[in-house]
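Before any comments, here is the structure.
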Amino acid sequence: MEPLGLVVHGKAEPFSAALRSLVNNPRYSDVCFVVGQERQEVFAHRCLLACRCNFFQRLLGTEPGPGVPSPVVLSTVPTEAFLAVLEFLYTNSVKLHRHSVLEVLTAAVEYGLEELRELCLQFVVKVLDVELVCEALQVAVTFGLGQLQERCVAFIEAHSQEALRTRGFLELSAAALLPLLRSDKLCVDEAELVRAARSWARVGAAVLERPVAEVAAPVVKELRLALLAPAELSALEEQNRQEPLIPVEQIVEAWKCHALRRGDEARGAACRRRRGTLPREHHRFLDLSFK
């Protein structure tokens, strides 16, 4: 009987370094990508990509015919992110950077690279900060990355005022903003949250060329206007006449809480304080404490 064979391994580092030298190397390459809005050429090797990733196997198809193959255009992925994907496919390792990791994560999700996706998620959690968190939340919501979404929401809850002042917050989609406005744990007062929502809606209105109230409609119902003092509510009502943001019916409901001097359980979160809500005299009538 022939003895069983034994798999032995050489040193991993020289092997990895040799393959890394082939990343974006035109020598021996048989496929060229035109990547990003800059339309930069990136060279690769068809057989390696196809055996490592089903996305590229489907994209590249069968063996190229005679002559020089046409470039494959991938205009939506930034060049730096695409090169990181190639580095991972060639070497099973990748050097990630804070400024580009979300673009690499997006590419990993779109290309079905689960291991690279997990590496990116681990890195994002380690480097998460005020400037990055809203962008990370948007990626999490877009691609259904539940655990990352929870981590981002928890971070924003703890650093609410700083996060609300970032460009990333203003660029959130309505779907990404909703879980924040529904949170009881935001460390921010409702008056400041209303101002942040108005700023967010103004940016969206400018980008989408739509009225502010139309852009804000999916999210403003989560603002807890009953927490505002009568003078604040009157000022908001006047501003709302000049620049419609909040449905009149929602403001009327807030006035009802003041008139009845109680928080109606049927209104639920509309009368419930957040962690960062500043105390006001009428809050003692709401009977709905922070949870």
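The values are calculated or read from the model by the stated rules, or taken from the named source; none is laboratory data. Since the structure is predicted, the reported quantities are computational estimates derived from the model, not experimental observations. All Cβ positions, even for glycine, are placed from backbone atoms using ideal geometry, and neighbour counts span all protein chains on display. For the accessible areas, the whole protein counts, side chains as well, though only heavy atoms, and no ligand, DNA or RNA atoms are used. Shrake-Rupley method; radii C 1.70, N 1.55, O 1.52, S 1.80 Å.
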Completion exercise
For the stretch 114-147, the count of residues that are closer than 30 Å to Q57 by Cα, in a helix (DSSP H, G or I) and open to solvent by 10 Å² or more (accessible area, probe 1.4 Å) equals 15
Practice task
Quick one: in the stretch 160-173, of everything that is crowded, with 17+ Cβ neighbours inside 10 Å and either touching a His at 6+ places or on another chain (Cβ under 8 Å) or not polar (S, T, N, Q) (or both), which residue is nearest to E192 (Cα to Cα)?
Solution key: L164
Problem - Neighbours by Cβ (under 8 Å, 6+ apart or cross-chain): first from the stretch 116-131, among the aromatic types (F, W, Y); second outside any helix (DSSP H, G or I) and surrounded by fewer than 18 Cβ atoms within 10 Å (Cβ to Cβ) - result: none
Handout entry: Conditions (1) out of contact with any Ser or Thr (no Cβ under 8 Å at 6 or more places or on another chain); (2) within 27 Å of L128 (Cα to Cα); (3) surrounded by 15 or more Cβ atoms within 10 Å (Cβ to Cβ): number failed by A216
Key = (2)
Practice task
Filter the stretch 219-257 down to residues that are charged (D, E, K, R) and outside any helix (DSSP H, G or I) and give me whichever is least open to solvent (accessible area, probe 1.4 Å).
Solution key: R224
Completion exercise
So, first residue touching a residue at least 24 places away in the same chain (Cβ under 8 Å) in the stretch 132-143, second residue acidic (D, E) and surrounded by fewer than 22 Cβ atoms within 10 Å (Cβ to Cβ), Cβ within less than 8 Å, six or more apart or across chains; the pairs are C134/E171; E135/E171; Q138/E171
Handout entry: Residue list for the stretch 91-113, restricted to those being closer than 25 Å to E13 by Cβ and open to solvent by 10 Å² or more (accessible area, probe 1.4 Å)
Key = T91, N92, S93, V94, K95, L96, H97, L113
